[in-house]
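A.B. asks: Take this structure, written in structure tokens, and hold onto it; I'll ask about it next.
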Amino acid sequence: MKETKLLGTTIDDLIVAANILKNGGTVIFPTETVYGLGANAKDDEAVKKIFIAKGRPSDNPLIVHIDDFRKIDNYVEEVTDIAKKLAARCWPGPMTLVLKKKKCISDIVSAGLDTVGIRIPQSTEAREFLRLCDLPVAAPSANISGKPSPTTSKHAIDDMMGRVDAIICGKPCEVGVESTVIDATGDVPIILRPGGITPNMVKAVCGDVIIDKGVDGVEVTDKPKSPGMKYKHYAPSAEVILIDGNTIQEIVEKIEAKIKTSKEKTIILCSEETSDYFKDFDTMCLGSRNKPETFAKNLFYAFRECDIKGYDKIILEGIEKEGIGLAVMNRATRAAHK
Ligand code: TXA
Ligand code: MG
């Protein structure tokens, strides 16, 4: 067990955190997507500590975070035309660009690939921390591998107390699901993992977009383009049953059939549009079906709260795969996959 320092977001605390990271330590920091578990991306020994703290398989590469686009040339061989366009429109923000890496980025970060995922987060606390580190910071989501990503400092503490050197306790994350991972090495952007930057936004910027096959299903091959997609992910301890349907009535009927036959301690994660139908049952409302961003913000938070409250089963109302709804349904499908 390590001693874990709990810090706030004052400049003094961010300086303490940056010094811990510069000295080879691990620091959890808030971003607008989810909390990240950071270490110096140039230091093999520091990066190994991330994999140990998370129990993460070593063939799953890490995203490298920087505070300023002008620094990107230090870490990648070539900033392609589409990367320049996407960076200009979507950074800082919930987007990771995969580009050919330079040698200074540890091979442990890239899991032996010749590419690296780079992200400039929107969160001002995150960028201030990165600026003070003045290093490329490798950071996966700050959860034990396989669990939902933490979107509050409390959830990061639940998983990582005693496993990292410091936790910067900031605000709850605004976006709530991880960044959109885009392969930007070629002429056409390929979305490897959906997130806050939607396919339509990418298409509007680049004129074209490809959505990788791994995004929609869970049956992925041994060698997906984004290695993380082959692992079961984002799953609470409770069993997740994902309900889809074309109309509110169909969804309500399907949920009713499931809840009435359930013998375990069960909760329904529903929408504003359906919650009135389930007054006799335990429910948590994730937001409006017309506002998928509220579902994104609340999904991982709700998964973790359901575990804390001891539910055995979660019946989860699915939404349309439009906009950020694609990212919500990608995470939901993976959580429900046995
Ligand atoms: O929002 C986020 O992206 C958060 C915050 C902390 O920035 N980070 C995050 O990291 O979600 P992680 O490690 O949980 O997910 C990284 C994903 C994995 O699916 C991984 O396979 C993919 O990005 N990835 C990383 N580097 C890659 C590369 N060179 N090529 C393809 N996929 C890559
Ligand atoms: Mg993760």
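The values are calculated or read from the model by the stated rules, or taken from the named source; none is laboratory data. Not measured: the values here are computed from a predicted model. Backbone-built Cβ (ideal geometry, glycine too); neighbour counts: all protein chains shown. Accessible surface is based on the protein model in full, side chains and every heavy atom, while ligands, DNA and RNA are left aside. Shrake-Rupley method; radii C 1.70, N 1.55, O 1.52, S 1.80 Å.
A.B. asks: Over all directions, the average projected area of the alpha-carbon convex hull for the chain comes to how many nm²?
C.D. replies: 16.2 nm²
A.B. asks: Hey, can you find the accessible area per residue of the chain for me, probe 1.4 Å, expressed in square angstrom?
C.D. replies: 43 Å²
A.B. asks: Would you list, by chain and number, the aspartates and glutamates whose Cα falls below 19 Å from the Cα of Lys279, excluding same-chain residues fewer than 8 positions away?
C.D. replies: Cα-Cα hits under 19 Å: Glu250, Glu253, Glu256, Glu264, Glu317.
A.B. asks: In whole percent, what relative contact order does segment 239-336 give with Cα contacts below 8 Å and a gap of six or more residues?
C.D. replies: Normalised by residue count, the contact order of segment 239-336 is 38 percent.
A.B. asks: What part of the accessible area of the chain, given as a whole %, is carbon or sulfur when the probe is 1.4 angstrom?
C.D. replies: The value for the chain is 48 percent carbon and sulfur by accessible area.
A.B. asks: Something else now. Measure out, as a whole number of angstrom, how far apart the alpha-carbon centroids of segment 77-140 and segment 47-70 sit.
C.D. replies: If you average the Cα positions of each part, the centres end up 11 Å apart.
A.B. asks: Less than 9 Å Cβ to Cβ from Ile191, Lys/Arg counted +1 and Asp/Glu -1: what total charge do the surrounding residues give?
C.D. replies: -1
A.B. asks: Next question. Please say if segment 239-336 is rounded, prolate or oblate, where rounded means a/c under 1.5 for a ≥ b ≥ c the square roots of the C-alpha gyration tensor eigenvalues, and otherwise the choice is prolate for a/b larger than b/c and oblate otherwise?
C.D. replies: oblate
A.B. asks: Which residues' amide hydrogens lie under 5 Å from the amide hydrogen of Met161, considering only partners 5 or more residues apart or on another chain, with H built in the peptide plane?
C.D. replies: The list, which skips near neighbours in sequence, is empty: none.
A.B. asks: For the chain, what does the relative contact order come out to in percent, with C-alpha contacts under 8 Å and a separation of six or more?
C.D. replies: Answer for the chain is 19 percent.
A.B. asks: Right, another one. Using helices alone, I'd like the mean residue ellipticity at 222 nm for the chain: each DSSP H run of four-plus residues gives -39500 (n - 2.57), total over residue count, nearest 500.
C.D. replies: Result for the chain: -9000 deg cm²/dmol, rounded to the nearest 500.
A.B. asks: Taking the Cα centre as origin and putting +1 on Lys and Arg beta-carbons and -1 on Asp and Glu beta-carbons, what dipole magnitude results for segment 5-216, to the nearest 20 debye?
C.D. replies: Charge dipole of segment 5-216: 140 debye, to the nearest 20.
A.B. asks: Considering only Cα-Cα distances, which of the following residue pairs are longer than 32 Å: Lys213/Lys263; Lys48/Lys213; Lys42/Lys291; Lys291/Lys338; Lys71/Lys291?
C.D. replies: Lys213/Lys263; Lys42/Lys291; Lys71/Lys291
A.B. asks: Quick one: how many Å² of Glu256 are accessible to a 1.4 Å probe, rounded to 10?
C.D. replies: 60 Å²
A.B. asks: For every other residue with a beta carbon closer than 14 angstrom to the beta carbon of Asp68, add +1 if it is Lys or Arg and -1 if Asp or Glu, then tell me the sum.
C.D. replies: +1
A.B. asks: Continuing with the same structure: Of the listed peptides 148-159, 305-316, what is their order by residue-averaged count of other C-beta atoms within 10 Å, with the highest listed first?
C.D. replies: Ranked by mean Cβ neighbours within 10 Å, highest first: 148-159, 305-316.
A.B. asks: Would you kindly state how much longer the chain becomes between Glu273 and Ala257 on full extension, computed as 0.36 nm times their sequence separation minus their alpha carbon distance, in nm to one decimal?
C.D. replies: 4.0 nm
A.B. asks: May I ask you to list the aspartates and glutamates whose Cα is less than 16 Å away from that of Lys147, ignoring any residue fewer than eight positions away on the same chain?
C.D. replies: Here the aspartates and glutamates satisfying the reach criterion relative to Lys147 are Asp158, Asp159, Glu178, Glu239, Glu305, Asp307, Asp312.
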